[in-house]
Amino acid sequence: MSKYKWNFVNVGGVTRVRIQSGEDIRHLRELDKKKWTVLSCPVNGLEISSESLSLMDTDGDGKLRVKEVIATAEWLCAALKNPDTLLEQKDSITIDNIADESIKAIGEKLAANGVVSLADVDAAIGAVTIEEQPVPAAPLEADVIAAYKEKSAEYAAYFEQEKLQKLGLAVIAEDTPKPGMTEKKFIEMGKQIAEWEAAKTAAETANADALAAAKGEYAPLRKLLLLHRDFYRLLRNYVAFEDFYDHNPATIASFQAGTLIIDQRACHLCVRVNDLPKHDSQAPLSGMYLLYCNCENQQTGKKMQIVAAMTQGEISNLSVGKNGVFYDNDGLDYDASVFKIVDNPISIRQAFWTPYRKLSKWIEEKINKSAAEKDAAVMGDMTAKGENLTVKAEGEAPKPAFDIAKFAGIFAAIGMALGMIGTMLVSVAKGWITLTWWQQILVFVGILLLISGPSMVMAWLKLRRRNLAPVLNANGWAVNADAIISVPFGRTLTEQVRFPFTKDPFKKGMSTWAKWLLALGIIILIIAIVCVILYLLGFCFCCFCFH
């Protein structure tokens with residue numbers, strides 16, 4: 001049981017450990033693994049230097065696990081006198097702060113004013129020179145060597161056939177091209193070239209190893225500077241999702257790939273898609289409205305797939321095939337096209353209108369289907385009649401004349417149905433009129449709640465369970481705690497456009513007298529409809545009562 005006192009904070013609906021000092025980093029091994037927000041994450045596809053992450057991935061499996069994070073923390077605390085400077089996330093260190101004497105000795109050679117930076121190390125590595133071993137000169141001209149290599153297999157086969165022919169075991173055709181040298185010369189030339197290539201390779205390898213060794217002298221210092229810059233950011237996105245929930249707009253989480261601009265909104269929660277099949281099973285569990293996009297930059301040819309969370313606004317204009325523009329964190333823009341949508345509620349208001357949108361869509365689909373079927377039937381009938389204009393089958397019986405009696409039952413049924421509908425409407429209207437005004441309001445509100453209530457309740461429940469963890473798990477993360485996206489926090493992840501009120505110069509408005517005339521006409525029409533309904537219900541306008 002660890003006696004170290006940790007600091008805790010409630011972030012994203014979950015209590016998490018906050019790393020606030022170098023001492024917290026020094027005691028990282030003592031933190032119970034159950035309290036870590038993340039247990040592993042991929043090395044690639046994050047907004048942290050992949051080189052830094054690879055330095056921490058000691059087993060080279062492409063995943064950064066808790067034990068590797070702890071090992072990195074201990075190495076840094078051993079290399080630094082004051083690990084508090086890790087919180088500054090700088091790629092420079094004062095020489096006095098380096099505890100490792102071998103690394104400090106290298107830094108002293110490069111330090112300016114007692115400070116060594118990553119740029120200083122990279123410049124020193126670029127300036128490294130060695131005394132190279134001489135590469136032996138080629139024994140033949142380059143074109144001769146190239147021709148020999150091109151023809152060597154062919155010549156070797158010819159000389160082998162020639163030996164077999166001398167033994168009577170093969171016959172060389174007369175038109176077979178002969179080598180331009182003897183077999184002895186061919187073998188000597190091959191030996192010369194092989195010896196030269198071996199010596200050349202040995203010299204080049206020795207030179208490369210010597211250069212790597214000379215540059216390798218700076219490797220520990222370069223590792224220290226890279227991790228001094230990036231390790232604390234990793235902890236903020238690993239031990240706790242502090243960067244994600246930070247109120248500072250300039251701070252982004254390591255998994256946020258950029259911003260998608262689409263449908264007059266900016267979606268800031270965009271994550272690279274590493275494994276689409278896993279997203280198919282995991283992403284719906286997030287409870288978020290997700291847009292999957294193919295992104296491509298035409299100038300560089302770079303391509304990627306992203307998933308963007310839409311956490312504010314309407315969805316009526318969002319559909320598969322809709323285009324937008326994605327900007328990565330370096331400002332590079334990509335053409336983005338939606339290829340998949342995971343439909344979940346965005347807001348209570350959107351959920352209120354959902355049943356009516358679905359009904360409208362269903363009616364529209366039915367009308368379009370019916371119109372298409374009728375159009376096809378008419379075209380088919382016209383085609384059939386056109387084909388039969390000149391040719392008529394023998395013995396075809398004449399079509400019977402229209403018989404009104406045959407359709408009397410149908411007309412009667414239609415009339416009965418209309419009568420029943422009318423009776424029902426009159427009954428509803430009678431009941432409505434008998435209610436007081438406040439009862440009528442309650443009935444109206446009750447009808448709305450009956451239609452939209454279930455959708456709104458489901459939306460309310462889902463909006464409070466929106467969770468980023470399934471999306472990250474689909475990308476290979478092992479998220480150990482929920483990453484809840486509340487309604488207020490969700491509004492910060494999607495920005496909606498705001499325009500000042502302006503008047504359209506091309507929209508011709510109605511004059512004042514026309515507006516008053518239209519309003520008067522609407523009022524008269526409403527009064528007339530009410531009077532007709534009252535008359536049908538038996539209302540007497542003389543004594544103002546029902547009979």
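The values are calculated or read from the model by the stated rules, or taken from the named source; none is laboratory data. Since the model is a prediction, treat every value here as computed from it, not as a measurement. Heads up, the Cβs are rebuilt from the backbone with ideal geometry, glycines too, and the neighbour counts pull from every protein chain shown.
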Suppose we keep only residues that are in contact (Cβ under 8 Å) with a residue 40 or more places away in the chain and of a type outside the set (D, E, K, R) within the stretch 1-19. Which one would you say is surrounded by the fewest Cβ atoms within 10 Å (Cβ to Cβ)? V9
Subset tally (residues that are of a type outside the set (A, V, I, L, M, F, W, C) and without any contact (Cβ under 8 Å) to a residue 60 or more places away in the chain) for the stretch 132-144: 3
Matching option when the condition is in a helix (DSSP H, G or I), out of contact with any helix residue (DSSP H, G or I) (no Cβ under 6 Å at 6 or more places or on another chain) and among the small types (G, A, S), among A73, A78: A78
Collect the residues in the stretch 71-103 that are more than 23 Å from E217 (Cβ to Cβ) and of a type in the set (S, T, Y), keeping them in residue-number order. T85
Are any residues in the stretch 463-489 assigned to a helix (DSSP H, G or I) and surrounded by fewer than 17 Cβ atoms within 10 Å (Cβ to Cβ), and if so, which ones? V487, P488, F489
Looking for something basic (K, R) and modelled with pLDDT of 85 or more - is there at least one such residue anywhere in the stretch 349-367? no
For the stretch 468-484 the number of residues that are under 18 Å from A308 (Cβ atoms) and charged (D, E, K, R) is 0
Name every residue in the stretch 273-291 that is outside any helix (DSSP H, G or I) and either in contact with a Leu (Cβ under 9 Å, 6 or more places away or on another chain) or hydrophobic (A, V, I, L, M, F, W, C) (or both), in order of residue number. V273, G287, M288, Y289, L290, L291
Got a sec? Which of L285, L235, L291 is farther than 30 Å from V69 by Cβ and either among the aliphatic types (A, V, I, L, M) or in contact with a helix residue (DSSP H, G or I) (Cβ under 9 Å, 6 or more places away or on another chain) (or both)? L291
Any idea how many residues of the stretch 89-102 are in contact with a Lys or Arg (Cβ under 9 Å, 6 or more places away or on another chain) and not basic (K, R)? 8
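Table: residues versus (1) buried (at least 20 other Cβ atoms within 10 Å of the Cβ); (2) of a type in the set (F, W, Y); (3) within 16 Å of D263 (Cβ to Cβ).
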{"site": "L291", "(1), (2), (3)": "yes, no, yes"}
{"site": "A308", "(1), (2), (3)": "yes, no, yes"}
{"site": "S316", "(1), (2), (3)": "no, no, yes"}
{"site": "F326", "(1), (2), (3)": "yes, yes, yes"}
{"site": "I341", "(1), (2), (3)": "no, no, yes"}
{"site": "S370", "(1), (2), (3)": "no, no, no"}
{"site": "K374", "(1), (2), (3)": "no, no, no"}
Taking A266, is it at pLDDT 90 or above and touching a Phe, Trp or Tyr at 6+ places or on another chain (Cβ under 8 Å)? no
Check off (1) closer than 30 Å to L221 by Cα; (2) surrounded by 14 or more Cβ atoms within 10 Å (Cβ to Cβ); (3) modelled with pLDDT under 90 for D120 and give me the number that stays unchecked. (3)
(1) among the β-branched types (V, I, T); (2) loosely packed, with under 13 Cβ neighbours inside 10 Å; (3) in a helix (DSSP H, G or I) all hold for T492 apart from (2)
Scope the stretch 89-103; condition in a helix (DSSP H, G or I) and either buried (at least 17 other Cβ atoms within 10 Å of the Cβ) or among the hydrophobic types (A, V, I, L, M, F, W, C) (or both); matching residues: I95, N97, I103
Go through E47, E68, E51 for me and flag whichever is of a type in the set (D, E, K, R), modelled with pLDDT of 95 or more and either under 30 Å from M304 (Cα atoms) or part of a helix (DSSP H, G or I) (or both). E68
Name the helices (runs of 4 or more DSSP H) wholly within the stretch 168-267 that hold at least 3 residues that are of a type in the set (D, E, K, R) and under 30 Å from K63 (Cα atoms)? 219-238
State which residue is farthest from C267 (Cα to Cα) when the search covers only the stretch 303-320 and only residues that are within 15 Å of the chain's Cα centre (by Cα) and part of a loop (DSSP other than H, G, I, E, B). V320
Would you mind stating whether A213 is free of Cβ contacts under 8 Å to residues at least 40 places away in the same chain, aliphatic (A, V, I, L, M) and over 30 Å from A123 (Cβ atoms)? no
Consider L86 carefully, then state whether it is surrounded by 15 or more Cβ atoms within 10 Å (Cβ to Cβ), in a strand (DSSP E or B) and in contact with a strand residue (DSSP E or B) (Cβ under 8 Å, 6 or more places away or on another chain). no
